[in-house]
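First the structure, in the form of structure tokens, and then the observations on it.
Laboratory data are not the source of any read-out in this text; all were calculated from the coordinates shown. Here the structure is a predicted model, which means the values were calculated and not measured. Reconstructed Cβ throughout: ideal geometry from the backbone, glycine too, with neighbour counts over all protein chains shown.
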Amino acid sequence: MAWFRPASRSASSVPPCVRLCYTLARPAQRLNRQESPMTVVTRFAPSPTGYLHIGGARTALFNWLFSRHHQGRFLLRIEDTDRERSTEDAVRAIIEGLRWLGLDWDGEPVFQFARASRHADVARDLLAKGRAYHCYCTPEELAEMRERARAEGRSPKYDGRWRDRDPKEAPPGAKPVIRFKAPQSGETVVEDLVQGRVAVANAELDDMVLLRADGTPTYMLSVVVDDHDMAITHAIRGDDHLTNAFRQTQLFLACGWQPPRYAHIPLIHGADGAKLSKRHGAVALGDYAHLGLLSEAMRNYLLRLGWSHGDDEIIPTAKAIEWFNLESIGRSPARFDMEKLLSLNAHYIREAAGDVLRPPVAALIEKSLARALTTEEGIQLDRLLPALKPRARTLIELANGAAFLFRPRPLPLDAGATKQLGPDGKAALRAFAERLSTCSDWSAATLEQATRAEAEAKGLKLGAIAQPLRAALTGSSVSPPIFDVMAALGREATLGRITDVTRT
RNA sequence: GUCCCCUUCGUCUAAAGGUUAGGACACCACUCUUUCAAGGUGGAGAUACGGGUUCAAUUCCCGUAGGGGACGCCA
């Protein structure tokens with residue numbers, strides 16, 4: 001098909017009327033036309049029909065990293081052309097998810113449906129140029145067509161019955177759709193930046209619907225027009241769009257436009273190797289934020305799922321921007337591994353400064369306490385945070401680990417703690433309390449010194465005092481180093497908690 | 001069913017013709033130690049299978065098997 005080949009691969013071959021007539025979702029939004037053709041422009045184009053899931057988040061991350069690496073632009077386009085299923089809640093979830101992940105987009109988000117009339121214009125233009133046609137098939141007729149094809153072992157495609165038929169034969173009153181007149185011979189090639197050269201015989205593809213009977217554009221039309229109008233240079237998206245890329249390429253060429261470079265990244269699978277779905281547990285990005293993950297850890301994990309830089313595992317965002325490239329994206333699907341995500345999160349918690357961790361942890365504690373922390377309690381938390389960090393994989397674990405600090409006296413004791421506070425334990429504590437009350441310097445080092453001196457004086461192993469002490473101070477047999485606990489608690493709270501258990 | 005893609009330790013991956021096939025998570029042991037972690041040291045663990053090409057295949061080609069994706073007036 002001669003017309004199927006682009007006359008020119010440059011965007012300037014687009015007729016001026018086409019270039020000028022697009023409409024914008026927001027008047028303030030500048031489409032990228034006037035910028036240098038070398039500027040990288042990527043986009044994340046989710047449909048607001050549900051939460052932002054982990055796979056979409058990675059797609060967004062890759063697009064963001066690629067544009068930031070090239071000092072280009074990263075645009076957000078909400079593909080809300082499915083009026084039935086698009087919701088404002090989903091739009092909000094997507095935006096909140098991206099914000100949490102730290103992926104900032106340039107300009108205002110583009111709402112695709114707001115551009116519907118522009119899309120329809122392109123469809124009618126194609127119709128006028130003979131590259132699209134009216135199809136009067138009913139949905140029932142199409143379903144039957146597919147069923148028969150499947151039964152006969154053929155591909156369930158539209159058979160093109162209205163492609164060359166005279167519209168005069170149209171059933172009276174029927175509202176037609178506009179279908180693309182796709183090339184029927186030859187092949188369509190996508191030079192994919194991840195998958196390499198992928199080709200399909202045009203005979204395999206059918207004539208897709210561009211404009212629905214109600215005059216609204218379909219996804220296939222909208223992406224092409226928007227990717228063109230937004231001057232997208234690189235479309236990085238899930239592997240599930242690979243076959244769409246053939247159709248979209250055909251459409252681009254029919255419009256006389258240059259398609260963006262495509263990069264189809266493999267999907268993320270669940271631990272069982274199947275497509276990630278709700279039955280795999282948390283798949284919404286928001287779920288992970290609520291689990292107490294740091295977004296830096298999430299970015300690092302998502303990046304390593306399918307992309308690599310030698311043996312590097314710990315890749316902070318700044319490094320990721322510096323190193324990111326499309327060549328190092330793998331071609332095979334990856335399974336989601338919560339354990340590894342958690343271990344990465346533990347790493348970033350350990351590395352995080354106290355004042356980064358304190359606000360979210362304090363918020364978590366205040367929520368479970370149903371009250372605000374006092375100034376004194378805030379100081380106690382700050383003092384214990386360094387000792388808590390290596391013991392937590394999530395912010396929630398961090399908050400749980402600190403919870404004993406704020407429990408009202410007398411502390412409830414768990415089974416292990418009760419065991420430590422037998423007659424011997426209590427006796428050791430009673431004696432130790434006397435020495436402790438004479439301690440003037442309440443630092444961990446001094447307290448350790450005092451405790452060791454006490455053990456030596458009584459001929460006891462350190463544990464014989466430390467364990468009952470831990471039980472009395474934390475209500476548990478497991479805690480951060482006990483001298484850190486004493487120092488964090490402070491003199492008054494420490495002596496008080498000891499008295500609580502030695503009184504009886 | 002048709003088309004497209006994929007296949008290195010359990011998992012994520014490195015090695016872009018010549019390596020004792022490397023790292024990370026998880027696992028095991030030891031170590032440190034006041035408990036639990038963290039840390040340190042060590043261990044076990046992989047090129048799906050079958051054919052080619054080559055002096056030499058994880059690497060290139062073909063086939064088989066397995067997995068995934070697409071095939072809507074959804075996106």
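What to note about this one:
- Cα-based reach from A:Lys458 at 18 Å (exclusive), listing lysines while leaving out same-chain residues under 8 positions away: A:Lys426
- 3J(HN,Hα) along segment A:71-78: 6, x, 10, 10, 10, 10, 10, 8 Hz, from the Karplus curve 6.51 cos²θ - 1.76 cosθ + 1.60 with θ = phi - 60°, whole Hz, x for Gly and Pro.
- Comparing A:Thr218, A:Trp442, A:Gly56 along the charge dipole axis of chain A, the residue lying farthest to the positive side is A:Thr218, per the Cβ-charge model.
- Listed values for segment A:455-470 are Karplus-derived 3J(HN,Hα) couplings in whole Hz (6.51 cos²θ - 1.76 cosθ + 1.60, θ = phi - 60°), namely 4, 5, 4, 8, x, 10, 6, 3, x, 5, 9, 4, 5, x, 4, 4, and x replaces Gly and Pro.
- The charge dipole of chain A, taken about the Cα centre with unit charges on the Cβ atoms of Lys, Arg (+1) and Asp, Glu (-1), comes to about 180 debye, rounded to the nearest 20.
- Per-selection Rg to Rh, chain A - Cα, Kirkwood hydrodynamic radius: 1.17
- Which listed pairs, of A:Lys340/A:Lys419; A:Lys157/A:Lys275; A:Lys181/A:Lys275, have C-alpha distances above 30 Å, in listed order: A:Lys340/A:Lys419; A:Lys181/A:Lys275
- Of all DSSP-defined beta bridges confined to chain A, some 55% are antiparallel rather than parallel.
- Stokes-Einstein diffusion for segment A:302-402 at 10 °C, viscosity 1.306 mPa s, with a Kirkwood radius from C-alpha pairs, works out to 101 µm²/s.
- Principal axis analysis of the Cα atoms in segment A:413-479 yields extents of 32, 23, 17 Å, listed in decreasing size.
- Backbone amide hydrogens, once placed in the peptide plane, bring A:Val41 within less than 5 Å of A:Arg73, A:Thr233, A:His234, excluding anything fewer than 5 places away on its chain.
- Cα centroid of segment A:216-279 to Cα centroid of segment A:108-162, whole Å: 17
- Alpha-carbon centroids, segment A:453-493 and segment A:350-369: separation in whole Å: 25
- Gyration tensor (alpha-carbon) shape descriptor, segment A:60-121, a/c threshold 1.5: oblate
- Within the straight-line cut-off of under 22 Å between alpha carbons, the lysines reachable from A:Lys367 are A:Lys389, sequence neighbours fewer than 8 places apart in one chain being disregarded.
- Extension gain, A:Lys129 back to A:Val356 (0.36 nm per residue minus Cα-Cα distance, nm): 75.7 nm
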